[in-house]
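**Q** The structure that follows is given in the form of structure tokens.
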Amino acid sequence: MTLTNPSRLIEKYADELGPRLLILNPMADGLIPQLQRQGMTVTALTHDYLVHRHLKELQVGDLHFGCDLTTDLPEVDAAIMVLPGAKALATHLLQWLAARLPEGTPCFLVGDNKGGIKSAPKLMKAHFDPVSKYATGAHCQMLMGISRSAAQPELTATAAYRAGDPAVEVCALPGVFSQGELDAGTALLLEHLPELKGRILDFGCGAGIIGTAIKARAPQTQVEMVDINAFALTCSQATLAANGLEARVYPSDGFSDVEGEFDLIISNPPFHHAGKQTFATAEAFIAGARKHLKPGGQLLFVANHHLPYGDALEKAFGRVNIAAQDKKFKIYSDHRT
């Protein structure tokens with residue numbers, strides 16, 4: 001199986017790191033099974049449900065999904081972290097790693113040359129010392145540091161701002177979309193909510209703004225909220241709790257864990273994954289939404305003007321219907337006939 005560039009660099013130097021490894025934020029490729037076949041013991045921790053599902057299919061045994069992993073970690077010779085795209089998330093994960101490992105554990109940070117690794121020594125030095133460049137290759141760098149004692153980072157999503165009508169408090173966590181302020185696309189979507197009834201799915205819920213706003217406006221609805229990111233799920237639960245509301249919040253890679261049909265599927269769909277722009281998720285979302293709508297059920301989502309979703313809508317619904325737009329965003333809407 002083809003390895004991603006960070007995994008290629010890790011694989012090249014894995015024999016030097018020790019037989020017992022902890023890998024935080026691994027890539028969705030065959031690195032860990034390959035290391036296991038070489039006799040290594042690997043514990044993998046991910047907050048990305050797509051990666052979790054992929055590694056589970058490859059029968060990676062000691063695999064964990066979440067962002068608040070409280071289980072005791074096994075003894076390891078070294079820890080490896082793949083650098084995430086969001087700086088705030090990288091800072092959080094590095095502190096978490098230092099807090100959970102015994103002081104003096106060798107730790108390695110791997111990232112793409114164009115993905116922020118060149119400035120990462122500053123982040124790493126907050127909890128690891130000394131920090132130095134260990135290796136380069138596959139268009140990546142590997143940094144090494146020795147863990148110091150660190151406090152466990154707080155994972156409390158605090159109210160960051162209010163949004164919607166009626167206004168709801170929105171909570172924030174590192175690396176979650178729309179952290180700190182309401183983005184303009186979601187604001188436009190909230191201004192054009194249809195009649196709210198029955199079972200509603202907030203797809204790619206992020207900080208939980210849309211699902212919470214719907215539940216606040218229409219308490220009688222059955223709202224479900226899904227996302228691929230464990231931090232987003234935790235954030236959505238905190239947003240609901242901050243407003244005294246309840247909804248079902250759970251991980252799903254696209255519609256992988258979604259069951260049944262809905263009266264409304266609503267989204268500000270993601271078009272980035274692992275820091276790279278991709279339309280595959282949104283295109284699969286449109287096709288999957290058609291299958292998960294009740295007869296007469298509505299799909300409603302917002303997207304930037306330039307994003308090419310017309311073909312996917314034409315294929316799924318036989319037409320392209322724009323319900324509203326401004327200078328930057330369009331709201332697409334259609335019903336299952």
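**Q** Suppose accessible area is computed on protein heavy atoms with a 1.4 Å probe; arrange 173, 245 from highest to lowest.
**A** Ranked from most to least accessible, the order is 245, 173.
**Q** Please list, in order along the range 24-31, the HN-Hα scalar couplings obtained from phi with the Karplus expression 6.51 cos²θ - 1.76 cosθ + 1.60 (θ = phi - 60°), rounded to whole Hz, x for Gly and Pro.
**A** Couplings: 9, 6, x, 8, 8, 8, x, 4 Hz.
**Q** Could you list the residues of the range 58-99 with an amide nitrogen less than 13 Å from a label point located 7 Å from the Cα of residue 36 in the Cα-to-C-beta direction?
**A** Hits in the range 58-99 for residue 36 at 13 Å: 58-64.
**Q** May I pose another question? Output needed: percent of Cα pairs per 5 Å distance bin for the range 1-149, bins running from 0 to the one holding the longest distance.
**A** Each 5 Å bin holds this share of Cα pairs: 2, 10, 22, 25, 24, 14, 4, 0.
**Q** Summarise the accessible area of the chain (1.4 Å probe, protein heavy atoms) by the percent that is carbon and sulfur.
**A** Roughly 48 percent of what the probe reaches on the chain is carbon or sulfur.
**Q** Once the Cβ-Cβ distance between residue 16 and residue 256 is put in as r, and R0 is 35 Å, what FRET efficiency do you end up with, to the nearest 0.05?
**A** 0.40
**Q** Taking residue 291 as the anchor, which aspartates and glutamates have their alpha carbon closer than 20 Å to its alpha carbon, excluding any fewer than eight residues away along the same chain?
**A** Partners found: 202, 224, 227, 253, 257, 259, 261, 263, 283, 311, 314, 334.
**Q** Another question, then. Projected area of the range 173-250, taken from the Cα convex hull and averaged over every viewing direction, in nm²?
**A** Result: a mean projected hull area of 4.7 nm².
**Q** In nanometres, what is the gap between the two model label sites at residue 73 and residue 326, each 7 Å from Cα along Cα-to-Cβ?
**A** Calculated label separation equals 4.3 nm.
**Q** Here's another thing I want to ask about it. Applying 1/(1 + (r/R0)^6) with R0 = 22 Å to the Cβ-Cβ distance of residue 241 and residue 218, what FRET efficiency is obtained, to the nearest 0.05?
**A** 0.75
**Q** Let me ask something else. Summing -39500 (n - 2.57) over the DSSP H runs of n ≥ 4 in the chain and dividing by its residue number, what mean residue ellipticity at 222 nm do you reach, to the nearest 500 deg cm²/dmol?
**A** -8500 deg cm²/dmol
**Q** Against the 2.2 N^0.38 Å scaling, with N counting residues, where does the range 136-274 land? I'd like the Cα-based Rg ratio to two decimal places.
**A** My calculation over the Cα atoms of the range 136-274 gives 1.19.
**Q** Need one word for the range 50-109: rounded, prolate or oblate. Basis is the Cα gyration tensor (sqrt eigenvalues a ≥ b ≥ c); a/c below 1.5 gives rounded, then a/b vs b/c decides.
**A** It comes out oblate by the Cα gyration axes.
**Q** To the nearest 10 Å², what's residue 319's accessible area with a 1.4 Å probe?
**A** Roll a 1.4 Å probe over it and residue 319 shows about 90 Å².
**Q** Something else now. Of the cross-linked pairs 122/328; 87/315; 294/315, which ones have a Cα-Cα span greater than 29 Å in the structure shown?
**A** Correct reply: 122/328; 87/315.
**Q** Let me ask something additional. Which option, (1) 29; (2) 50; (3) 39, is the value of percent of Cα pairs over 30 Å apart that was calculated from these coordinates?
**A** (3)
**Q** State in Å² the accessible area per residue of the range 28-118; use a 1.4 Å probe, count heavy atoms of protein chains only, and round to the nearest integer.
**A** Spelled out: the 1.4 Å probe surface of the range 28-118, per residue, equals 43 Å².
**Q** I've got another one for you. One-quarter of the Cα convex hull surface for the range 203-337, in nm²?
**A** 8.2
**Q** May I ask for the Rg/Rh ratio of the range 282-335, computed from Cα atoms with Rh as the Kirkwood radius, given to two decimals?
**A** 0.94
**Q** Check cross-link reach from residue 215 to the lysines: straight Cα distance under 17 Å, and skip same-chain residues fewer than eight apart.
**A** 197
**Q** How much of the DSSP bridge set in the chain is antiparallel, in percent, rounded to the nearest 5?
**A** 50
**Q** Which part of the range 194-208 falls in the paramagnetic zone of residue 304, meaning amide N under 20 Å from the point 7 Å along Cα-to-beta-carbon?
**A** 204-207
The values are calculated or read from the model by the stated rules, or taken from the named source; none is laboratory data. These numbers come from a predicted model, not from an experiment. As a convention, Cβ positions derive from the backbone with ideal geometry for all residues, glycine included, and neighbour counts pool all protein chains shown. SASA here: full protein model, heavy atoms, side chains in, ligands and nucleic acids out. Shrake-Rupley method; radii C 1.70, N 1.55, O 1.52, S 1.80 Å.
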